[in-house]
Amino acid sequence: MSHVFPRHTKSNLPVAVGGDGCYLIDDQGQRYLDCGDAAVSCLGHSNPAVIEAVQRQVEQIAFAHTGFMTSEPAEALADLLVEHAPDGLDRVYFVSGGSEATEAAMKLARQYFLEIGQPERRRVIARRQSYHGNTLGALSAGGNEWRRAQFAPMLIEMTHIAPCFEYAEKPDAESSFDYGQRVANELEAEILRLGPETVMAFMAEPVVGATLGAVPAVEGYFQRIRQICDQYGVLLILDEVMCGMGRTGHLFACDRDGIAPDILCIAKGLGAGYQPIGAMMCTAKIYDAIRDGSGFFQHGHTYIGHPVATAAALAVVTELTTRALPARAGVMGDKLQEALQAEFGQHPNVGDIRGRGLFRGLELVADRETKTPFDPAHGVAGKIKKIALAEGLICYPMSGTRDGRVGDHVLLAPPFIIEDAQ
Ligand code: PLP
């Protein structure tokens with residue numbers, strides 16, 4: 001009998017014993033094409049450069065507490081990330097995963113406003129139908145109703161505006177651009193309703209992952225969001241935990257939208273699964289306020305900037321940048337989109353096929369003409385997950401309520417090394 005406390009206590013999961021490129025291998029020898037459990041594996045499961053970097057670092061020094069020392073891989077990784085990051089992002093704060101990154105981002109926003117003498121700025125606005133992590137602060141920012149429901153009494157009060165979800169929410173008579181501007185303007189209305197002097201940050205995923213299934217915003221949406229944040233002195237936090245690190249065809253997803261945030265959160269693909277690591281990047285303006293003020297970011301975890309994790313991520317980002325793998329994700333993503341269109345474009349239960357790069361989503365519906373969702377009693381996402389796994393495919397199907405309405409999707413996020421035949 002296993003003593004592991006698994007996520008799913010009613011299913012018997014295969015035991016992973018090996019990895020070979022895009023495949024995971026279980027103890028029975030079955031191979032599973034990894035098309036994105038949760039969009040982690042960008043380099044596949046047997047990248048020699050990353051494996052070697054981890055081994056070398058463990059032998060050299062595995063741990064040094066960041067309250068006392070920095071480390072070579074952390075310094076080199078920060079330099080490399082800043083070299084490739086959107087304009088203005090100048091400092092990198094390492095954490096161990098995505099939820100830690102979004103939590104740290106919100107606390108950094110708060111401390112920034114304290115440092116510059118605006119203590120009344122304390123509110124975060126986020127979007128409905130979003131996901132920013134499972135710790136209590138991150139869950140408070142997220143708008144995934146199913147994940148929030150049980151813990152609602154414990155969550156911090158934050159307000160949520162509409163997502164930018166063209167397929168489900170744009171009226172036929174409205175242009176994509178106008179729709180994007182209209183929903184972006186909800187941010188301005190919310191800032192004015194709360195009082196601009198009380199709002200510290202707006203947080204959003206450039207391409208919505210877990211909750212909606214690879215939904216990018218329409219053209220112009222994020223430019224308008226950036227304008228509104230600038231106008232009211234509100235910090236823009238972009239959560240690229242799932243869509244970042246090359247997955248959408250750009251190393252940073254927001255590059256495609258032509259904007260830069262004040263704070264950016266990354267994780268998943270940063271360590272590519274070889275080590276648990278995330279990061280929060282911020283502008284010099286924010287960093288300098290702390291450096292020239294209290295001199296101490298009042299936040300931290302034991303394993304921040306872990307030498308082995310940063311060594312792994314350094315090798316990952318080096319692989320991504322020197323082998324131009326984000327561009328490959330773009331090219332292969334277009335092919336995946338075409339293949340999905342050819343296979344499912346006319347399928348009566350597929351309402352939409354969308355995404356960017358190797359980050360694709362299929363919307364599952366009972367009726368594609370009326371966009372009627374499946375009855376939740378069908379448990380369609382759970383069935384697909386089970387059947388796919390039995391057939392040797394790992395993908396990420398999800399069912400959920402979105403603003404009270406039900407929706408189902410399948411998310412596909414294969415490694416960037418995937419080949420045409422796979
Ligand atoms: N933010 C986004 C956009 C995510 O998709 C996730 C995880 O799926 C998180 C944050 C939380 O990351 P983690 O599971 O590493 O804590």
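The values are calculated or read from the model by the stated rules, or taken from the named source; none is laboratory data. Since we're looking at a predicted model, the values are computed, not measured. Note that each Cβ is placed from the backbone with ideal geometry, even for glycine, and that neighbours are counted across all protein chains shown.
Please specify each residue of the stretch 290-344 satisfying the condition of being in contact with a strand residue (DSSP E or B) (Cβ under 7 Å, 6 or more places away or on another chain) and more than 30 Å from residue 54 (Cα to Cα).
Within the stretch 290-344, 336, 337, 340, 341, 344 meet the criteria.
Across the stretch 33-81, what is the total count of residues that are within 16 Å of the ligand (Cβ to nearest atom) and either buried (at least 18 other Cβ atoms within 10 Å of the Cβ) or over 27 Å from the mean Cα position of the chain (by Cα) (or both)?
Adding up the residues that qualify gives 7.
Quick one: would you say residue 236 is surrounded by fewer than 19 Cβ atoms within 10 Å (Cβ to Cβ), without any contact (Cβ under 8 Å) to a residue 40 or more places away in the chain and away from the ligand (no atom under 14 Å from the Cβ)?
Against the criterion (surrounded by fewer than 19 Cβ atoms within 10 Å (Cβ to Cβ), without any contact (Cβ under 8 Å) to a residue 40 or more places away in the chain and away from the ligand (no atom under 14 Å from the Cβ)), residue 236 does not qualify.
Can you tell me which of (1) out of contact with any strand residue (DSSP E or B) (no Cβ under 7 Å at 6 or more places or on another chain); (2) surrounded by 24 or more Cβ atoms within 10 Å (Cβ to Cβ) is the one residue 196 doesn't meet?
(2)
Of the numbered conditions (1) touching a Cys at 6+ places or on another chain (Cβ under 8 Å); (2) within 16 Å of the ligand (Cβ to nearest atom), residue 183 satisfies every one except a single condition; which is it?
(2)
If the requirement is being farther than 24 Å from residue 309 by Cα and outside any loop (DSSP other than H, G, I, E, B), which of these qualifies: 24, 80, 33?
Going through 24, 80, 33 in turn, just one is farther than 24 Å from residue 309 by Cα and outside any loop (DSSP other than H, G, I, E, B): 33.
Could you grab the pairs with beta carbons closer than 6 Å, sequence gap of 6+ or different chains, first residue in the stretch 326-347 and of a type in the set (Lys, Arg), second one surrounded by 12 or more Cβ atoms within 10 Å (Cβ to Cβ)?
As it stands, the answer is 328/416, since those pairs meet every condition given.
Out of all the residues in the stretch 107-137, which are touching a helix residue (DSSP H, G or I) at 6+ places or on another chain (Cβ under 6 Å) and in contact (Cβ under 8 Å) with a residue 40 or more places away in the chain?
Correct list: 112, 115, 116, 120, 121, 123, 124, 125, 126, 132, 133.
Among the polar types (S, T, N, Q) and either within 15 Å of the ligand (Cβ to nearest atom) or over 19 Å from residue 97 (Cα atoms) (or both): is that true of residue 302 in this structure?
No: the conditions fail for residue 302.
Pick out, from the stretch 306-422, the strands (runs of 3 or more DSSP E) lying fully within it that include 1 or more residues that are outside the structural domain of residue 215 (by TED's automatic domain parsing) and surrounded by fewer than 21 Cβ atoms within 10 Å (Cβ to Cβ). Talk me through it step by step, then tell me what you get.
On the way: elements: 350-356, 359-364, 396-402, 405-412.
The strands (runs of 3 or more DSSP E) meeting that bar are 350-356, 396-402, 405-412.
Can you tell me which residue in the stretch 110-132 is surrounded by the fewest Cβ atoms within 10 Å (Cβ to Cβ), limited to those that are assigned to a loop (DSSP other than H, G, I, E, B) and more than 16 Å from the ligand (Cβ to nearest atom)?
117
Which ones in the stretch 257-288 are part of a helix (DSSP H, G or I), over 12 Å from the mean Cα position of the chain (by Cα) and within 16 Å of the ligand (Cβ to nearest atom)?
Listed by number, the list holds a single entry, 257.
Mind checking whether some residue in the stretch 170-178 is at pLDDT 95 or above, under 27 Å from residue 333 (Cα atoms) and either outside any helix (DSSP H, G or I) or within 16 Å of the chain's Cα centre (by Cα) (or both)?
Yes.
Within the stretch 196-216, take every residue that is under 15 Å from residue 160 (Cα atoms) and hydrophobic (A, V, I, L, M, F, W, C) and give me the one that is nearest to the ligand (Cβ to nearest atom).
208
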